[in-house]
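To start, the structure under review is shown below, and the notes come after it.
Computed from the coordinates by the stated procedures, all read-outs in this text should not be read as laboratory data. All of these numbers come straight from a predicted model, not from anything done at the bench. Cβ: placed from backbone, ideal geometry, glycine included. Neighbour counts: every protein chain shown.
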Amino acid sequence: MTWVHRSLPPEADDPPPAPPTALQDLAAERDRLRSLVRRGIRTRHQVRILRRIAEITREMLAIGGAL
């Protein structure tokens, strides 16, 4: 192998990953929020988190994705 071949960038074996879909974005946000939920604590902040999770779930169901 000559220095020319070694200096070339490696060829990509796999195509680049597809950008995340709306359903994947919503699922990622919902998972992040679920990690913030503290059961048994009913602060205003916790209620807002739970409401947002419910909204995301409804959006996911409207898109037609499975939970």
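Structure notes:
- Of all the listed residues (ARG48, ARG39), the sole one being out of contact with any Pro (no Cβ under 9 Å at 6 or more places or on another chain), among the basic types (Lys, Arg), loosely packed, with under 10 Cβ neighbours inside 10 Å and over 25 Å from GLY64 (Cβ atoms) is ARG39.
- Taking the stretch 1-22 as the range and being among the hydroxyl-bearing types (Ser, Thr, Tyr) and surrounded by 10 or more Cβ atoms within 10 Å (Cβ to Cβ) as the test, only THR21 passes.
- For the stretch 51-67, filtering for residues that are surrounded by fewer than 11 Cβ atoms within 10 Å (Cβ to Cβ) and part of a loop (DSSP other than H, G, I, E, B) leaves 3.
- Complete set of residues in the stretch 17-38 that are more than 12 Å from the chain's Cα centre (by Cα) and in a helix (DSSP H, G or I): ARG34
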